Amino acid sequence: MNSRLLSIIRKEFIHILRDPRTLAIMFVIPIIQLVLLGYAATTDIRRLNTAVLDGDRTMQSRQLIEAYRASDYFAIRNYVQSEDDLAQLLDNGQVRAGIIIPAGYADHLARGETAQVAFLIDGSDPSVATTAFAASQSVGQAFGIQILQRRLGVDVTQLGTVDIRPRVWYNPELRSSNYMVPAVMGMILQFLTQLFTALAIVREREQGTIEQLVVTPIKSWELVVGKVVPYIGIAFFDLLEVLFIGVLLFDVPIRGSILLLLALSLLFLLTTLGTGLFISSLAHTQQEAMFLSFLTMLPGIFLAGFFFPLEAMPGVLQALSYLVPLRYMLIIMRSIILKGVGLPAFTEPVIALAILGPLIFLAASMRFRKSLE
Amino acid sequence: MISIDHLTKQFDTTVAVKNLSLDIQPGEVFGLIGPDGAGKTTTLRVISTAMNPTTGRVSVSGIDTGRDPEAVKQIIGYMPQRFALYPDLTVIENLNFFADVFGSPRAQRAELTERLLRFAHLTEFQARLARNLSGGMQKKLALAATLMHRPRVLLLDEPTTGVDPVSRREFWDLLTEIHLEGVTIVITTPYLDEAERCTRVGLMYRGELIACDTPGKLRAEIGAVVLEAQSAQALAARRAMEASEGVLTVSTHGDLLRLLVDRAERQAALEAAWRAAGIDVQNVRVVKPRLEDAFVLLLTDDGRRRTEKENSVIGRPSSVEK
């Protein structure tokens, strides 16, 4: 084994271990990110604050309200007396939805007529509104069918009709955390390896130690590999840490092969380490390196389909996303962890990474020179 | 030992070293001096292989630095001006790291390490982080680190700048020991008393070598006479003389006047002039020139005084040095 390489790796580990703040960042940040994104970045709508204006005050109107409450999508927080009161609650955000049942609701039903009910939804947050909108309709329809059945005296489901039964695969409860945890793993891999590689190399330049290194027999590639290896080790540790916490806190199922996941992560790491290396050749100070790193990471996270589905993006952005390695890694992560499928199911992203990884890393290594000029 | 042949080093717009030719013999302690931005650091960096020359060639022990830098690295030890060891590594970890990267065999290393630690008076501090050492101790550690691969040539860039006088003396004692073991030393220094200790001194100015000889010869061939005098009105005495014929430079140090004149015979005329101006000046005498006098004269020659002033207004052209 190359003793120069070993001594650089050993030295790099000492740097990391002697810097408690960085050490904390490397091991605690993943947990914080996971918990935050797992819990907070959820679009699951549960118990939306709802106000009711019941102008009818009959058993029938209360049944309808009960149907909404029982659906678990809506929590009835307020009963109001006027539309103005309802508007005010919506205005100041105390409720996100309002049900208005006009007087005469029960009478209309009794006469066999259609009864009108208004459902107000706060559309300022589209993702909440979309879910609330769908829920208001489906709960209402189910309730309507019950009324029909009672009126006709037949079981509607016994009549010949189309019966659609959706079945959600991979994530039957549609939990956001299942979707987020694999994504957070990808993001953390990128964050740690790219940023810290760039910092570790720029630090040598900033503190002047590069001047001593250039007159030693250390080769450029030894310096690069020696600097990068400790961070690969830490990245893998973090990967397992996030997986473990994901299972523990969020019940994320791990259906596929962890070994395959680790192997493909290595391919992904070539792209992030290469980017870090590239940044280190541009930045003169650690601050600059950090700035450049975030500058590339933030748009990358969006273009990778981290928060918002790629399918919903304009064509130009979709095209751009093909250049973002994280995009492929997220597909691989979600496929292995949630779907439990193997290589044949996602050959395309793997091929993309197999091309991008060596390309980025080689290009960056060629730019990187162990020199003062 | 070191042969520099028409070396020019150019950065974007500045020429840091201009057509420099110099031969340094084995066993020399060669001092490179000159004002900031003169190109001393760049010269050392090119010799050390840290930088490539723009034109010209440098060879160490007959090995061309451009053709076989790896072989040159084994022969030389380079100590940069800035502390360039790892502040978060201990003394011993720093030494071991540099021994490791030079591939020095572990078996012989224990003895060498122990000897260098003792030599640098760092034995009891070997477990201390480098950042917690005093400035002088850091310099000694840096010197020890450059010696871990037993170089035959040492390149030291202002190793004593910013170090207290006691540590400076200690450092020079170490250099003497190394020198006696046959190591060739090239050192840059802002202190002319240190330059006096060198076997030869080269004065660099604006990228050029404008003088190069033994300190004794430089002093002897100064081409001027140095006068000293005492006066309670030293400043007035100085002002009265500055434009006089034959006076090359005048400087004051408290009540001491120091004049460089072209001939010893000027003394009588000067004393007469002071008397006429009513300035009390006593104890006028001819003294032995110092290296400093030689360099002041060399630098003030051919209108160089003006350009030096420009230099000091612009400040240190540090971009060239760094």
Just give me the residues in region B:35-56 being over 20 Å from the mean Cα position of the chain (by Cα) and under 16 Å from B:N19 (Cβ atoms), in sequence order.
B:P53, B:T54, B:T55, B:G56
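Taking B:L203 as the residue in question, decide whether it is under 22 Å from B:T300 (Cα atoms) and of a type in the set (A, V, I, L, M). Walk me through how you get there before you give the answer.
On the way: under 22 Å from B:T300 (Cα atoms): yes; of a type in the set (A, V, I, L, M): yes.
In short, yes.
Can you pull out the helices (runs of 4 or more DSSP H) entirely within region A:265-365 that have at least 2 residues that are of a type outside the set (G, A, S) and modelled with pLDDT of 90 or more? Explain how you work it out, then say what you get.
On the way: elements: A:286-303, A:315-321, A:325-334.
Filter on region A:265-365 gives A:286-303, A:325-334.
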Lone unmet requirement of (1) modelled with pLDDT of 90 or more; (2) within 24 Å of B:M137 (Cα to Cα) for B:V201
(2)
Can you list the strands (runs of 3 or more DSSP E) found entirely within region B:197-251 that contain at least 2 residues being over 20 Å from B:N283 (Cβ atoms)?
B:200-205, B:208-213
Checking B:K140 against (1) surrounded by fewer than 17 Cβ atoms within 10 Å (Cβ to Cβ); (2) more than 9 Å from chain A (Cβ to nearest Cβ); (3) not acidic (D, E), the condition it does not meet
(1)
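Quick one: in region A:1-58, of everything that is acidic (D, E) and surrounded by 13 or more Cβ atoms within 10 Å (Cβ to Cβ), which residue is farthest from the other protein chains (Cβ to nearest Cβ)?
Here the answer is A:D56.
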Has region A:193-216 got at least one residue that is among the small types (G, A, S), away from chain B (no Cβ under 14 Å) and either buried (at least 23 other Cβ atoms within 10 Å of the Cβ) or not in a helix (DSSP H, G or I) (or both)?
yes
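Specify the residue that is farthest from the other protein chains (Cβ to nearest Cβ); the eligible residues are those in region A:217-244 that are closer than 19 Å to B:K73 by Cα and either buried (at least 22 other Cβ atoms within 10 Å of the Cβ) or of a type outside the set (G, A, S) (or both). Break it down into steps so the answer makes sense when it comes.
Of all residues in region A:217-244, those closer than 19 Å to B:K73 by Cα come to A:217-223.
Filter once more, keeping what is either buried (at least 22 other Cβ atoms within 10 Å of the Cβ) or of a type outside the set (G, A, S) (or both): A:217-219, A:221-223.
Numbers: A:P217: 6, A:I218: 5, A:K219: 9, A:W221: 14, A:E222: 9, A:L223: 10 Å.
Across region A:217-244, the extreme among qualifying residues is A:W221.
The rows are residues; the columns are (1) without any contact (Cβ under 8 Å) to a residue 24 or more places away in the chain; (2) more than 14 Å from chain A (Cβ to nearest Cβ); (3) among the β-branched types (V, I, T); (4) closer than 23 Å to A:P217 by Cβ.
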| position | (1), (2), (3), (4) |
| --- | --- |
| B:V15 | no, yes, yes, no |
| B:L22 | no, yes, no, no |
| B:I47 | no, no, yes, yes |
| B:M51 | no, no, no, yes |
| B:R57 | no, yes, no, yes |
| B:F102 | no, no, no, yes |
Number of the condition not met by A:S365 [criteria: (1) touching a Leu at 6+ places or on another chain (Cβ under 6 Å); (2) closer than 30 Å to A:G208 by Cβ; (3) of a type outside the set (A, V, I, L, M, F, W, C)]:
(1)
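With the requirement that a residue be assigned to a helix (DSSP H, G or I) and under 16 Å from B:G31 (Cα atoms), what does region B:152-168 give you?
Going through region B:152-168, the residues assigned to a helix (DSSP H, G or I) turn out to be B:165-168.
Within region B:152-168, just B:R168 meets the criteria.
Looking at this structure, is B:R128 more than 22 Å from the chain's Cα centre (by Cα), more than 9 Å from chain A (Cβ to nearest Cβ) and under 26 Å from A:N2 (Cβ atoms)? Step through it out loud before you land on a result.
Working: more than 22 Å from the chain's Cα centre (by Cα): yes; more than 9 Å from chain A (Cβ to nearest Cβ): yes; under 26 Å from A:N2 (Cβ atoms): no.
No.
Determine whether A:G315 is closer than 28 Å to A:P253 by Cβ, out of contact with any strand residue (DSSP E or B) (no Cβ under 9 Å at 6 or more places or on another chain) and either surrounded by fewer than 21 Cβ atoms within 10 Å (Cβ to Cβ) or not assigned by TED's automatic domain parsing to the domain that holds A:L261 (or both). Explain how you work it out, then say what you get.
On the way: closer than 28 Å to A:P253 by Cβ: no; out of contact with any strand residue (DSSP E or B) (no Cβ under 9 Å at 6 or more places or on another chain): yes; either surrounded by fewer than 21 Cβ atoms within 10 Å (Cβ to Cβ) or not assigned by TED's automatic domain parsing to the domain that holds A:L261 (or both): yes.
When the stated conditions are applied, A:G315 does not pass them.
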Determine whether A:F191 is touching a residue at least 60 places away in the same chain (Cβ under 8 Å) and of a type in the set (F, W, Y).
yes
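Looking at this structure, is B:H149 touching a residue at least 40 places away in the same chain (Cβ under 8 Å), assigned to a loop (DSSP other than H, G, I, E, B), over 22 Å from B:V72 (Cβ atoms) and assigned by TED's automatic domain parsing to the domain that holds B:F83?
Values: touching a residue at least 40 places away in the same chain (Cβ under 8 Å): yes; assigned to a loop (DSSP other than H, G, I, E, B): yes; over 22 Å from B:V72 (Cβ atoms): no; assigned by TED's automatic domain parsing to the domain that holds B:F83: yes.
Answer is no for this residue.
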Close pairs (7 angstrom Cβ cut-off, 6 or more residues apart or separate chains): hydroxyl-bearing (S, T, Y) in region A:294-311, modelled with pLDDT of 85 or more anywhere:
A:T296/A:T275
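Those residues that are part of a helix (DSSP H, G or I) and crowded, with 19+ Cβ neighbours inside 10 Å, I need them from region B:116-130; list them, please. I'd like the intermediate steps shown before the answer.
Initially, region B:116-130 is screened for residues part of a helix (DSSP H, G or I), giving B:116-119, B:123-125, B:130.
Of everything in region B:116-130, those that are part of a helix (DSSP H, G or I) and crowded, with 19+ Cβ neighbours inside 10 Å turn out to be B:L116, B:L117, B:F125, B:A130.
Output the residues belonging to region B:147-190 that are over 30 Å from B:P105 (Cα atoms) and either in contact with a Phe, Trp or Tyr (Cβ under 6 Å, 6 or more places away or on another chain) or buried (at least 17 other Cβ atoms within 10 Å of the Cβ) (or both).
In the first step, residues of region B:147-190 are kept if they are over 30 Å from B:P105 (Cα atoms); the result is B:158, B:160-169, B:188-190.
The answer is B:E158, B:T160, B:V163, B:S167, B:R168, B:T188, B:T189.
Assess whether B:T41 counts as being within 14 Å of another protein chain (Cβ to nearest Cβ), over 19 Å from B:T160 (Cα atoms) and among the hydroxyl-bearing types (S, T, Y).
Numbers: within 14 Å of another protein chain (Cβ to nearest Cβ): yes; over 19 Å from B:T160 (Cα atoms): no; among the hydroxyl-bearing types (S, T, Y): yes.
So B:T41 does not fit the description; no.
Being surrounded by fewer than 21 Cβ atoms within 10 Å (Cβ to Cβ), within 9 Å of chain A (Cβ to nearest Cβ) and closer than 15 Å to A:I8 by Cα narrows it down to one of B:L85, B:L89, so name that one. Before the answer, list the steps.
Details: B:L85 fails: surrounded by fewer than 21 Cβ atoms within 10 Å (Cβ to Cβ).
So the residue among B:L85, B:L89 that is surrounded by fewer than 21 Cβ atoms within 10 Å (Cβ to Cβ), within 9 Å of chain A (Cβ to nearest Cβ) and closer than 15 Å to A:I8 by Cα is B:L89.
Quick grid of which residues meet (1) of a type in the set (G, A, S); (2) farther than 20 Å from A:G208 by Cβ; (3) in contact with a strand residue (DSSP E or B) (Cβ under 6 Å, 6 or more places away or on another chain); (4) crowded, with 21+ Cβ neighbours inside 10 Å:
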residue: A:G274; (1), (2), (3), (4): yes, yes, no, yes
residue: A:H284; (1), (2), (3), (4): no, no, no, no
residue: A:E288; (1), (2), (3), (4): no, no, no, no
residue: A:L292; (1), (2), (3), (4): no, yes, no, yes
residue: A:T296; (1), (2), (3), (4): no, yes, no, no
Taking A:L243, is it at pLDDT below 90, touching a Phe, Trp or Tyr at 6+ places or on another chain (Cβ under 9 Å) and not basic (K, R)?
no
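The values are calculated or read from the model by the stated rules, or taken from the named source; none is laboratory data. Everything quoted here is computed from the prediction, not taken from an experiment. In this analysis, Cβ positions are derived from the backbone assuming ideal geometry, glycine residues included, and neighbour counts consider all displayed protein chains.
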